[in-house]
Amino acid sequence: MVAALHLPPLPTIGEIIKLFHLQANKQLSQNFLLDLKLADKIVRQAGNLKDAHVCEVGPGPGGITRSILNANVAQLLLVEKDTRFIPGLQMLSEAAPGKVCIVHGDVLTYRMDRAFPEHLRKTWQDDPPNIHIIGNLPFSVSTPLIIKWLENVSNRDGPFFYGRTQMTLTFQKEVGERLIASTGSKQRSRLSIMSQHLCTVQNCFVIPGQAFIPKPKVDVAVVRFTPLVEPKILQPFKLVEKVVRSVFHFRRKFCWRGVGILFPEADRLKKTEQMMLTADVDPTLRPTQLTMLHFKGLCDAYRKMCDEDSSLFAYNYRDELKEKMRSKRDGHLKQLEEEDEL
C-alpha cells in the first residue's frame, strides 16, 4: 500500500461552496462533485500517482484536487479559468506546501508543453511518463478539448511533448459511449475513429447525475486515454479528421455520399468512385459499419489524390454550397429587377 498524504482538517466541499458563495455557472455547464468517495474512484482510474506530476483541468471547488493530493503526488498543477474558485484552491495549496501550482487560465490556450519539468520527458516508444492529466470537464468544453488533445497526440506536442501522457477525464455519458464505440454500434462516430486511431480508450465507470450539484440531465462517464506507440492511420491529423468528418456527414446513408463531399461538384462522382476503388471500400456500407482499416484505406487514398492535385485538400464542401445558394439568390433578385423594369 502507498502511504497517502494526509491533509490537515479542511472545510468540506459543501462548506467551501458556501464560504466563497460559489454557484455553478450554467452557461459554462459547470457541475460540482461533492462525493469525495467518487472523487477518489476517479483518481484511482489514473493508476498509481505516487510521486507523479499531475495537471488537473478545471478543479472548481477542489473535490478531485483533494483526492489527487491524498494520492501523494510530487506536484499538482491546477488550471482554472473561473477566478471565483481560486481562493478555495489557495486554501488547498496552503494545506500541501510546495506541492500545488495554481494557474488562472484557459486550458484550451495554456502551453502544456511547458507545464512539467524537462527531466520527465520520455521517448514515444517508452512507457508513458509519470505525468497525468485528470479533469471533471464541463460539457461545453469536453469535445473541443479532447479533439485538441488528440491533435496534440498526433503531433506529439502540447502535453505529449513529454511522451505518451495519460489522461483520465469525465464526459457526458453519450460522448463517452461515442469515444469507445465499436464498428457497427449506433454510437460509432467521428469521435470514435479520431480517438481510437490514436489512443487506447477505456470507459472506466459511469457516475449518476444525482452525484453532482446542480444535477445534470445526463449521467457522466469517466474515460481513460493512453496514446498508442503507433497510430492506426499514418496520415496528418487534419487529413484524417477531414475524411472522417465527411464520411459521417451523412451517417444514415451509404458511405460514398460522405466521401463525395471531399470533391468539387463538377467531378464529384468520378473522383468518389476513384477513391472508393483505391481504398477497396464497399460504397454501400454505412459510416458506422466502416472498420478502422476501411478508414485507413480511405485516408491513404485521399492523401494520394491530394498529392496529385495540390488544390484538393483546400476544397470545402460548405463553401461551394454557400456560393451556389448565393448565386441562385442573386439570379433570382436580378430576375425580379428585370421584371420591374418591364
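The values are calculated or read from the model by the stated rules, or taken from the named source; none is laboratory data. Quantities reported herein were computed from a predicted structural model and do not represent experimental measurements. In this analysis, Cβ positions are derived from the backbone assuming ideal geometry, glycine residues included, and neighbour counts consider all displayed protein chains. Just the protein is used for accessible areas: all its heavy atoms, side chains included, with ligands, DNA and RNA removed. Shrake-Rupley method; radii C 1.70, N 1.55, O 1.52, S 1.80 Å.
Between ASN155 and SER182, the contour length at 0.36 nm per residue exceeds the alpha carbon distance by 7.2 nm.
Inter-label distance, ARG84 to ASN316: 3.6 nm, where each label sits 7 Å from its Cα along the C-beta direction. Charge tally for GLU230 (other residues, Cβ to Cβ under 13 Å; Lys, Arg +1; Asp, Glu -1): +4. For region 253-321, the per residue solvent-accessible surface stands at 56 Å², with DNA, RNA and ligands left out and a 1.4 Å probe. With Cα Rg over 2.2 N^0.38 Å defined as stated, name the option among [x] 1.13; [y] 1.18; [z] 0.95 computed from the structure displayed. From the options [x] 1.13; [y] 1.18; [z] 0.95, the structure gives [y]. Which percent of the accessible area of region 13-227 is formed by carbon and sulfur heavy atoms (probe 1.4 angstrom)? On region 13-227, the fraction of accessible area on carbon and sulfur atoms equals 49 percent.
When DSSP beta bridges are restricted to pairs lying wholly in the chain, around 45% turn out antiparallel. The calculated 222 nm mean residue ellipticity attributable to helices in the chain amounts to -12500 deg cm²/dmol, summing -39500 (n - 2.57) over DSSP H runs of n ≥ 4 and dividing by all residues. The long axis of helix 317-341 is offset from the longest Cα principal axis of the chain by roughly 50 degrees. When the chain is treated as a Gaussian network with alpha carbon springs shorter than 10 Å, the biggest mean-square fluctuation among GLY58, GLY158, GLY184 belongs to GLY184. If only the Cβ of Lys and Arg carry +1 and only the Cβ of Asp and Glu carry -1, the dipole of the chain around its Cα centre is close to 920 debye. Cα centroid separation, region 251-330 to region 209-238: 28 Å.
Near ALA39, once Lys and Arg are set to +1 and Asp and Glu to -1 for all other residues with Cβ below 13 Å from its Cβ, the sum equals +1.
Counting 0.36 nm for each residue step from ASP51 to LYS122 and taking away their Cα separation leaves a gain of 23.9 nm. Electrostatic tally near PHE171: other residues with Cβ closer than 15 Å to its Cβ, Lys and Arg +1, Asp and Glu -1, net +3.
Distance between the modelled labels on ASP267 and ASP280, one decimal in nanometres: 2.6 nm (7 Å Cα→Cβ projection).
Solvent-accessible area per residue in region 13-227 equals 42 Å², computed with a 1.4 angstrom probe and all protein chains kept.
In this calculation the C-beta distance from THR12 to MET325 is compared with R0 = 51 Å, giving a FRET efficiency of 0.35.
Comparing SER310, SER182, SER246 in a Gaussian network model of the chain (Cα springs below 10 Å), the most mobile by mean-square fluctuation is SER310. Taking the chain as a Gaussian network of alpha-carbon nodes connected by springs under 10 Å, the highest mean-square fluctuation of the residues ARG156, ARG44, ARG326 belongs to ARG326. Between ARG252 and LEU239, the simple spin-label model (points 7 angstrom out along Cα→Cβ) gives 3.3 nm. The angle between the Cα long axis of helix 292-308 and the main principal axis of the chain comes to about 60°, on a 0 to 90 degree scale. Label zone (LEU228, point 7 Å along Cα-to-C-beta; backbone nitrogen cut-off 14 Å) within region 188-209: 192-202.
Using only Cα atoms, tell me the angle between helix 86-95 and the longest principal axis of the chain; keep it within 0 to 90° and round to the nearest 10. Its long axis makes an angle of about 40 degrees.
In percent, rounded to a whole number, the relative contact order of the chain is 13, using alpha-carbon pairs under 8 Å and six or more apart.
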